[in-house]
Amino acid sequence: MSKLVAFAAIQGAYNIVSKAEGTLKKAMDKYGPDQKIEFPNTAYYLPIIYSILGIPVKTLGDARKPMEAARKLLPAHVKNMHHLPYLGPLLDAGMSALFAEEVAEAIRYLEDPDFYLVSEDIDETSGKIWLGAAEDTVFRKRGVEFVDGTAPGFAAIVGAAPDPETAKWIAEEYQKKNLYVFMCANQNGTTFSEQLLEAGVQIGWNTRLVPFGPDISAAVFALGFANRAAMAFGGIKPGDYKKMLIYNKERIFAFVNALGEVNAEWAANAAGCVNWGFPTIADTDIPEILPTGVCTYEHVVANVPHREMPQRSIEIRGLKVTVANVDIPLAYGPAFEGERVRKDDLYLEMGGGRTQAVELCSMADMKEIEDGQIEVIGPDIKDIKKGDRLPLGIFVQVAGRQMQEDFEPILERQIHHLINYAQGVMHIGQRDIAWIRVGEQAVNKGFTLRDIGVILHAKLHQDFGAILDKVQVTLYTKKEDVDKLTATARENYKKRDARVEQMTDEGVETYYSCTLCQSFAPNHVCMVSPERTGLCGAYNWMDCKASYEINPTGPNQPVEKGECIDPKLGQWKGVNDFIYKASRQNVTHYNFYSLVHDPMTTCGCCECIAAVISACNGVMTVGRDYTGETPTGMKFTTLAGVMGGGASSPGFVGHSKYNICQRKFISGDGGLLRMVWMPKGLKEELREGLLRRGEELGCPDLIDRIADETVGVTEDEILPFLKEKDHPALKMDPIIG
Amino acid sequence: MASEEAKETLKVVEKEKKKIKPEEKSVDPATIQMLYKAQQDGVETIFDRAETMKPCNIGIQGTCCKMCAQGPCRLPLTKKDMEGKDTRMGLCGATPETIAARNFARMIAAGAAAHSDHGRGVAEVFLAASRKESEDYKIKDENKLKEIAGDFGVSTTVLVDGEEKDRDIYDIAVEVGEKILGEWGKQEGEIYYAKRAPKARYELWKKLDVIPRGIDREIVEIMHRTHMGVDQDYENLMKQGSRAALADGWAGSMMATDMQDVLFGTPYPIHGEINLGVLKKDHVNIIVHGHEPLLSEMIVVASQDPEMLQYAATKGAKGIVLAGMCCTANEILVRHGMPIAGNYLQQELALITGAVDAMVVDVQCIMENLANIAQCYHTKLITTNTRCKIASGDTIHIQFDEHHALEDAKRIVKTAIDNFPNRKAEVLIPKEKEMMVVGFSYEAINYHLGGTFRGSYTPLNDNIINGRIRGIGGVVGCNNARTMHDSAHLIVVKELLKNDVIVLTTGCNAMACGKAGLLTPEAARIYCGPGLAEVCETVGIPPVLHMGSCVDNSRILMAATEVVKAGGLGNDISDLPAAGCAPEWMSEKAISIGQYFVASGVYTLFGVNLQVEGSPVFKDYLFNGMEKVFGGKWDLVEDPYEMARKMIAHIDAKRKALGIDKARERVLMDMADRQKLEAA
């Protein structure tokens, strides 16, 4: 009966709010109202409060306002007879509990800074397994997966399973279904996260099994993550609570699994989640709320057996998950991509410096190869013992009526994650620096090297069936064969690179759109040309072309660039017409080669953001893996917040790392010679390209004239350096005006 | 003992008159008990007269024309007229349909005038409050005012040194108030609120040219057109009837509701009690009766004033009970939880308890016989509005003026207190009283379906689409002494609930439901089909939602509009699986309400009778022809079971048209589906 849920949840919310009020008061007495509070390395302040109420909480004093809001939202207790309606009040109570918990968790970071490990991974040896709020680097990386659909949503698991084996089974089911598992709360001191560790399951962001915290209040990290995604990628403005919550209901497929006895505080949190459209599925006999409306389908479903819970949960949430069917003895899916094979579990290692490992995909004639033929030439798992090494050559031959040589590198690039998706197998690197580790657990389950071929054959057919008809895989494990393949491969790579290098925007009449992110940023349209690769770094022109061939009605559409409106800034009529339509009339036009004048929009998942540094007459750029300050006075996350969501923001542009060394990079504003600041790491990563481009631009040591954080992170700090180095930007025309 | 003199006034000659059987007159035990007491006290009531005095045989058919001194021309329908060519006509040649349509249109004019003139009164107080000419009224619901301001194109912000700032709430109120007051006298253009309707409905009105220009103009035009020798085309008459009715529903009434909400607060769910049992023997009992909240709001304040309570104590009373009757009661109930003594047909009975020290009336539905009955007991009957004075009996008039409202209210309360010691011995208060949960403004429904952050009508629509709720029934209207009191109301409502139709109610139906315990959340389990019961349980609501007074029928229009806007149930009110009815109607206001519902696209059923039977042509136009024009139509069904059945059949037909008559598959979304989603 819903009345009992309402009664309990409202009671729970009172407890939570009162406790948080006490916590806040004590902290204020101790530290004073000006004491800073935050979730370390995150933007958006306390994200639930910020996104729903629009209040940026930066200090303890700032936390008073949302706590007052929480108190005000607390409804009257539900009477037994002739009670007043309680659904609205129940949802309000839930929301007030979440505000209070978010404040309490922020104070926990202040009081007990080591309680949560600020990291992507847990540190099991030192017992630091609680990760708390995802830092922005993690959030950006993972958030993109929600955007592109690699992760359709998350299961918020509250409490603990009856035993570690059940916990493991449930977690792996979700992993196989590509969902994230966000874990919090405990059942009499037992947590789901610890149960997984006990069952030997790797937890952390990399395996999509995220241990947020041992208390129910850690639920705010899951909801905060969802709201950060909506603000960063969906362009939802802080304080626009209605849009925020509907966005979550429609686009983020999350739900709660309550494992074990549901107490009043859990009930309050579950009620809070209903605001987001996230239902609760419980394994105990709690009152159900089945009529639909606030959530897409049921709101609370009880008594679900553990073995049915994952399947029932996704149905209740209204989610369809297509699971890849790959006939190997291991669990398979993107959730296992980040899982590691550690030294003590290592059974077989190939490549990684000790032996040579190489992978090559090449197009073959239809008559030349046989589909499904997988051959291992040389020793396989059965022929070796634990701890051995082998060289490896993966030779994938594909044929098909729609196949083109240009697609070879695209298919080859799949090898990395396709192998990585297998549980217990790890793949690092690519081309001739590939590195594969196979764990003992995988071997125990019956994995052989032949299965690599099985994976590639099955998945390439599944994902690229539109362009290929036949896939044949040969795995070489004898040194002479591998060396031979390596030589062939290197020749191939060279030819390919040259081909791509020579492509220019002028050389093609068709660009490609990318609206993959429209599931998250509905007004954003990316446009990809040969010399302006996708700003997320994942799609270049060739990828888009292939993607279009594979799925002609998909997110990558050919766009006739049409009449050139501005060759310098890079604007075309055909492109403008397309973006106007595809942005649902929100964006009329933009330029490919400028950040000063109507730059291209971004959804927020860009790899780098370039910004004008007017005092230095130049620009800077920063990648999302750099967490420090920049000379704009903003960190990457703040910059992304300023410009995400599909708006054109003059002075800022999102781009890929690769784009920096492409010839057309901000050529309308003076090109790469404008670059006055980059993080050191990025500079090093792009060293080769920067040197080459410097040469071409007549400034061979450009890379050394670009300042980085070791020089300074303010305009004033870097300007003397630029002057000293005689940076070319200082002599160029004024960048603005 | 009632005084001998009063008995004489009533001319009750018991021996000559057939005694009524109270059990046949009402389903309400308190009413039955008081009817027995009336008989015992020798007091005649409307129930007695309904027995002895039958309605006019020709008038009831709607075909008596008394528009000029050449008549009245009486054109009753005979068997002959029904068989051959209908050759009936008045002296001037007016056909039965012209006569019936003119009479019908005049009922609309009267009804619309009543509601709208009520609205005008509120507008005047609203302006006085906005201009701070009255200390006693304040702007209470600022959010609602700002919303209304949007409808009238009144800015809620001002530019101060180039910066947009919130505008002073009283400045907004003055401008809104002036615009509102202008709606009565407007001669051209459109009433502002027409645009509140669903777009398709607005477009249809525009195409049909029925959007009211100004309230008074449309009413006056009916009076002109129905004058001897003017409009003699029943369809054209009803076009004007529709205009005037829309001016009531979408302007006069709707603005009255909105301004009352701004002044006194928008109703949100609250507890209340109902029936004669709310009166207390040892308290000063004051009943406010009529339709406006303006004075009663002040009496609420005055009756809780410590000074007044102390004064009551000096007279030996333990306190002051302020209870309402009719729609004045609904107004103070939904905003303050003030108790209700009863509905229309209980007004005389309240006095028969002998416990009412003052009955204070404003306007509408006030029976003149109250003055006679008051004389039989000690009750002071006090009129307060210049529009409504009563010559009969010892009625006192205390003119209420919004400029010193509280002072007037205190004077009235003091009069009641002073009358307390005059009680006579035979005080008998029925035990009956029921708890209610009331106050479902369309804003409150919105809130309760999703809270502060997710409030919307989507869950309602969703559960209509998935079939848990079959449809929406609006059950409203008066009591009618020609039918068993409250019986038809309750039968229709219970039948609807049994069939999973959620009921929205106002006026005297709401009170009938309240007395029968239908306005409690517990009623859902007892009376509803499983689907509706489950939804009620989820939201924690009664299955019958009390939305306010009869002026507040405009809230039902807005709720219907919100349902349309929430999506999935068509584009117009006429697409909704919904129907409305007034099983025990009696006042001309009901006809105006009926017509504005029909013109808004609602299938509207009336009980008792509709004075159109004398003209089959006009009746056919109302019952069938209008559907082609407005998508809504009239119907007359005396049997309440049949009434409910027809409403449900209509709801089912609409469900079928919407394609929601069959169970739907669960839609599971994948990434591609999400990419197809419209912009957030």
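No lab work stands behind these numbers, since they all come straight from the coordinates. Remember, predicted model here, so these are calculated numbers, not experimental data. Neighbour counts are summed over all protein chains in view; Cβ atoms, including those assigned to glycine, are modelled from backbone coordinates with ideal geometry.
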- request: Go through B:54/B:498; B:195/B:676; A:25/A:58; B:138/B:315 and tell me which ones have a Cα-Cα distance over 24 Å in this structure.
  value: B:54/B:498; B:195/B:676; B:138/B:315
field: Span from the the stretch A:1-80 Cα centroid across to the the stretch A:621-689 one, whole angstrom
entry: 37 Å
message: Once each part is reduced to its C-alpha centroid, what is the distance from the stretch B:435-504 to the stretch B:82-115 in angstrom?
response: 35 Å
- request: With the cut-off at 28 Å, report for the stretch B:356-495 the share of all Cα pairs above it, as a whole percent.
  value: 48 percent
- prompt: When the Cα centres of the stretch A:207-272 and the stretch A:462-538 are compared, how far apart do they sit, in Å?
  reply: 36 Å
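Counting DSSP beta bridges in the stretch A:2-317, what percent are antiparallel, to the nearest 5?
Approximately 25 percent, going by the DSSP bridge assignments.
With n ≥ 4 as the cut-off for DSSP H runs, can you work out [θ] at 222 nm for chain B, using -39500 (n - 2.57) per run divided by the number of residues, rounded to the nearest 500?
On the way: 30 runs with 317 residues, N = 680.
For chain B, the value works out to -14000 deg cm²/dmol.
May I ask what percent, to the nearest 5, of DSSP beta bridges between residues of the protein assembly as shown are antiparallel?
Values: 54 of 132 bridges.
Close to 40 percent.
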- prompt: Hey, could you pull the Cα Rg and Dmax for the stretch A:2-317, both in Å?
  reply: 18.0, 56
- line: For residue B:587, the residues 5 or more places away or on another chain with a placed amide H closer than 5 Å to its own amide H are B:478
field: Relative packing of peptides B:205-213, B:532-540 - highest average C-beta neighbours within 10 Å first
entry: B:532-540, B:205-213
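Find the Rg to Rh ratio for the protein assembly as shown, where Rh is the Kirkwood radius over alpha-carbon pairs and Rg uses the same atoms.
For the protein assembly as shown, the value is 1.06.
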task: Mind checking which lysines have their Cα closer than 19 Å to the Cα of residue B:389? Skip sequence neighbours fewer than 8 apart in that chain.
output: B:380
message: When a/c reaches 1.5 or more, the comparison of a/b and b/c decides; with that in mind, is chain A rounded, prolate or oblate per its Cα gyration tensor?
response: oblate
query: Mind listing the phi-derived Karplus ³J(HN,Hα) values for the stretch A:703-717, rounded to whole Hz, using 6.51, -1.76 and 1.60 with θ = phi - 60°, and x for any glycine or proline?
result: 4, 7, 8, 7, 6, 9, 5, 6, 7, x, 10, 10, 4, 5, 6
query: Assuming a viscosity of 0.890 mPa s and a temperature of 25 °C, what translational diffusion coefficient in µm² per second does Stokes-Einstein assign to the stretch B:115-274, Rh being the Kirkwood radius over Cα pairs?
result: 143 µm²/s
field: Where only alpha carbons of the stretch A:334-502 are counted, the Rg and the Dmax (Å)
entry: 15.4, 49
statement: Correct semi-axes for the stretch A:510-731, from √(5λ) of the alpha-carbon gyration tensor and rounded to whole Å with the largest first, are 30, 17, 16
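Strictly over 27 Å apart at the Cα level, which of A:242/B:565; A:320/A:573; A:72/A:320 would you flag in this model?
Numbers: A:242/B:565 16 Å; A:320/A:573 39 Å; A:72/A:320 39 Å.
The answer is A:320/A:573; A:72/A:320.
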field: Built amide H within the under 5 Å cut-off of residue A:348, gap 5+
entry: A:387, A:438
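For the stretch A:334-502, what is the percent of antiparallel DSSP beta bridges, rounded to the nearest 5?
55 percent
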field: Cross-link partners of residue B:165 among lysines (Cα-Cα below 16 Å; sequence separation of 8 or more within a chain)
entry: B:146
